[in-house]
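**Student:** Please read through the structure below; I'll follow up with questions.
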Amino acid sequence: MSYQKIDYRAKFSIGSDDNSEPISICRRIVTNEIFKVEHCNAYQGWSERPELISYWVGEPDEGYFSGPEGEPISAGKVSRWVKKWEKNW
């Protein structure tokens, strides 16, 4: 049986709410064979960016460890924004 899980994180402007347009979106795709992180924004389509795992796990910061850089976002909201952005890709 093949396994696949996709989850999404987004970056928003400081002070924005859940309905605001994200600055960027990342998706983490995990299957039996792969683990990859892809990124998109209003001007660039999906591209592989493994370093952006920091959207989920944070990153080291001068001896400290910062929290995740991305906020969870639903697949439905991702679909809505990507559909709008695709016109610019």
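Nothing in this text is a laboratory measurement; each read-out follows from the coordinates by a stated rule. Fair warning: this is a prediction, and the values are worked out from it, not measured in the lab. Reconstructed Cβ throughout: ideal geometry from the backbone, glycine too, with neighbour counts over all protein chains shown.
**Student:** Under 5 Å between amide hydrogens, which residues at least 5 positions from Ser24 or on another chain qualify, with H placed 1.01 Å from N in the peptide plane?
**Tutor:** Those lying under 5 Å, H to H, from Ser24 are Lys11.
**Student:** I want to check the label-to-label distance for Arg49 and Trp89. Put each point 7 Å from Cα in the C-beta direction and report it in nm to one decimal.
**Tutor:** Result for the modelled spin labels: 1.4 nm.
**Student:** Along each of the three principal axes of the Cα atoms of the chain, give the extent in whole Å, ordering the values from largest to smallest.
**Tutor:** So the extents along the principal axes, rounded to whole Å, are 41, 38, 20.
**Student:** Please list, or write none, the lysines whose alpha carbon is within less than 17 Å of the alpha carbon of Lys36, excluding same-chain residues fewer than 8 places away.
**Tutor:** Qualifying lysines at Cα under 17 Å: Lys5.
**Student:** Where in the chain lies the longest segment free of GluC sites (Glu not before Pro) that are both loop residues by DSSP (not H, G, I, E, B) and have at most 14 other Cβ atoms within 10 Å?
**Tutor:** Formally, the longest exposed-site-free interval is 1-32.
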